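Reading through the structure tokens given below for one structure.
Rule-based calculations on the coordinates, nothing more; no lab input. On a predicted model such as this, the values are computed, not experimentally measured, just so you know. Here the Cβ positions follow ideal geometry from the backbone for every residue, glycine too, while neighbour counts run over all protein chains shown.
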Amino acid sequence: MFGLGWPEIAIIAVVALLIFGPKKIPEIGSALGKTLRGFKDEINNPQLEDADSEEHEE
């Protein structure tokens, strides 16, 4: 995973916990998940946006 080992991931997790706090981490994870899901949907269905833009040009 990006050339990171377990020690590096643990250090990143501890720093994130110190910066954001334990109550904010799940909210950030949820927002990140929704963003990635939306990005994945757009990548898999690009024709929807193309059809919308063609309708607006006419």
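Looking at the stretch 1-13, I want the residues that are over 19 Å from Gly29 (Cα atoms) and in contact (Cβ under 8 Å) with a residue 40 or more places away in the chain and have a partner that is assigned to a helix (DSSP H, G or I) and among the aromatic types (Phe, Trp, Tyr) with Cβ atoms under 6 Å, at least 6 apart or on another chain. Which pairs are those?
Going by the 6 Å Cβ cut-off, there are no qualifying pairs.
Every residue in the stretch 1-36 that is of a type outside the set (A, V, I, L, M, F, W, C), surrounded by 10 or more Cβ atoms within 10 Å (Cβ to Cβ) and outside any helix (DSSP H, G or I), please.
If the condition is that a residue be of a type outside the set (A, V, I, L, M, F, W, C), surrounded by 10 or more Cβ atoms within 10 Å (Cβ to Cβ) and outside any helix (DSSP H, G or I), then Lys24 is the only one that fits.
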